[in-house]
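Every number here is computed from the coordinates shown, using simple stated rules; none is lab data. Given the structure is predicted, the values throughout are model-derived calculations rather than measurements. All Cβ positions, glycine included, derive from the backbone under ideal geometry; neighbour counts span all protein chains shown.
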Ligand code: 2M8
């Protein structure tokens, strides 16, 4: 018998991680629904079952708060409350939402959802139209984006801000070391990490990082999830979140056109967000978009790959500078194909510790899209080929060493399988 193809194996992972209404990122390490994971999952799942991909996004938006926020975790009541820390008892979302089911966290994650919704629609317009997929999701997506632009403009500059490293999706990126160092950690004895039951401590954030994550999340919860910047010891204007919102607004223009709404406001949002990014964050000297600390004004993380992901924004006027950064010594993208999550030449670069260097498949997918968007077709092909080869060799790992391709983190990781499946189509 012939070995199953890469595509068949990717499909197998998505089927195994499906929980009836949504997909878990990884069975043991992440046994609930995560916000941006679901968006990437939908991008792959649409090739397996367009209906299931639609459900993935609908179930996530079913947990949306009345203020518009889409929580970063939606807890699966079928999974033990102790399977993941911090679990539902920590976040106490019902105190704010008044709803006990579903229990959620109160943080958010990068807004890739409208883009995923549009791509999901395109995979099977007939089923989507029959189910009223886009007309039902559109007002929810609008409320989500409004939450980000109104409540999360923490610096008053038009950029989108985050109040916790978990919101960046790139939890322990060296970019956050500075602002995080000001946060008094909760002592490690006061909480029990569950991630270390399933993953090697050398590949995860440290206990000190976790103590600070817990402090920030507890303070946010205790403030009733208030978004006033002075309430937050960690407040950062984030290029990844802002760029993905711009790309999402571009998708919203397409969605609006499809359902007979006015695409104009969405196009203007793309223009506004693009201008805010370029005017406020772009650094010509380093050819990248560093994040910015709202409290000190300091530029953070010139080395984060988040600074080149704004290539996904259509019509970005500084795309050439980002391309030069991507292919220069700090990322060596043309040579490696795999996108390091942090500057290879920085002393904090680490080949195997989570978001401090390893290459991630969702970031690779976003870069492929952004490179194509700006005409760098050859480089997009190089990245695609490297991602496929890495998955072929290492399996659907959570992340890989960008230099050797060796796999790390969770196995059978959903978004890895999903974006690989999408890249095969
Ligand atoms: C990681 O983050 C969670 C917290 O949200 C964790 O470490 O427990 C990050 O890689 C994040 O980007 C991802 O969405 C999540 C689930 O895959 O795991």
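Some values worked out for this structure:
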{"quantity": "Pairwise label distance in nanometres, residue 201 with residue 424, each label 7 Å out on the Cα-Cβ vector", "calculated": "3.8"}
{"quantity": "Rg to Rh quotient for the chain, alpha carbon positions, Kirkwood Rh", "calculated": "0.93"}
{"quantity": "The chain, relative contact order [Cα under 8 Å, separation at least 6], %", "calculated": "17"}
{"quantity": "Contour minus Cα-Cα distance for residue 3 and residue 222 (0.36 nm per residue)", "calculated": "73.6 nm"}
{"quantity": "Within the chain, helix-based [θ] at 222 nm, where runs of 4 or more DSSP H residues each add -39,500 (n - 2.57), nearest 500", "calculated": "-13000 deg cm²/dmol"}
{"quantity": "Per-peptide average of other Cβ atoms within 10 Å, ordering 360-366, 384-390, 94-100, 150-156 highest first", "calculated": "360-366, 384-390, 150-156, 94-100"}
{"quantity": "Förster radius 35 Å - calculated FRET efficiency between residue 404 and residue 78 (Cβ-Cβ, nearest 0.05)", "calculated": "0.40"}
{"quantity": "Descending principal axes extents, segment 188-332, alpha-carbon based, whole Å", "calculated": "52, 42, 34"}
{"quantity": "Cα-based Rg / Dmax (Å) for segment 1-46", "calculated": "11.5, 38"}
{"quantity": "Distance from segment 40-101 to segment 365-393 (C-alpha centre basis), Å", "calculated": "30"}
{"quantity": "Spacing of the two label points (7 Å from each Cα toward its C-beta) at residue 320 and residue 393, in nm", "calculated": "3.4"}
